[in-house]
Amino acid sequence: EEEEEEEERLVPQKRGTPGKGAGAKPMPESKKPRMDAPVAKTPPAKPAAAKSPASGGGSAWTAKEDAALQKAASKHGDGTPNRWTTIAQEVGGGKDKDACKKRLRELKGSPK
């Protein structure tokens, strides 16, 4: 038994270790975490996917949404309070005001 105890080298604990009192025994070497063991690395975060020019609000624009956007934009002129928020609500489909602004610019710039 004495030989077994001698084999387990004691490693002193750092002061202030949570859950250990002043009279706590040091951790035996056999229970100490290995520092040379392989460590699993967390993969780097993937960059956010870039939205395609036709996307906005999470999905591609449908012909129905395009029509609703054009109708709402002509209905709610430049002087309308919260114009783009109102337009986005009328378009629906999860489109936000920024996506609506961008899509309307694209539609106006495309040949008819």
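The values are calculated or read from the model by the stated rules, or taken from the named source; none is laboratory data. These numbers were taken from a predicted model, which means no experiment stands behind them. All Cβ positions, even for glycine, are placed from backbone atoms using ideal geometry, and neighbour counts span all protein chains on display. Heads up: the accessible areas ignore ligands, DNA and RNA and are worked out on the full protein's heavy atoms, side chains in. Shrake-Rupley method; radii C 1.70, N 1.55, O 1.52, S 1.80 Å.
What to note about this one:
- Full extension of the chain between L107 and N82 yields a length gain of 6.9 nm, computed as 0.36 nm times the residue separation minus the alpha carbon distance.
- Distance between modelled label sites at K71 and D98, nm, 7 Å Cα→Cβ extension: 2.8
- Area accessible to solvent at W61, 1.4 Å probe radius, in Å²: 30
- Ranked order, K71, K95 - accessible area, probe 1.4 Å, largest first: K71, K95
- Only protein heavy atoms count here; under a 1.4 Å probe, D36 has an accessible surface of about 110 Å².
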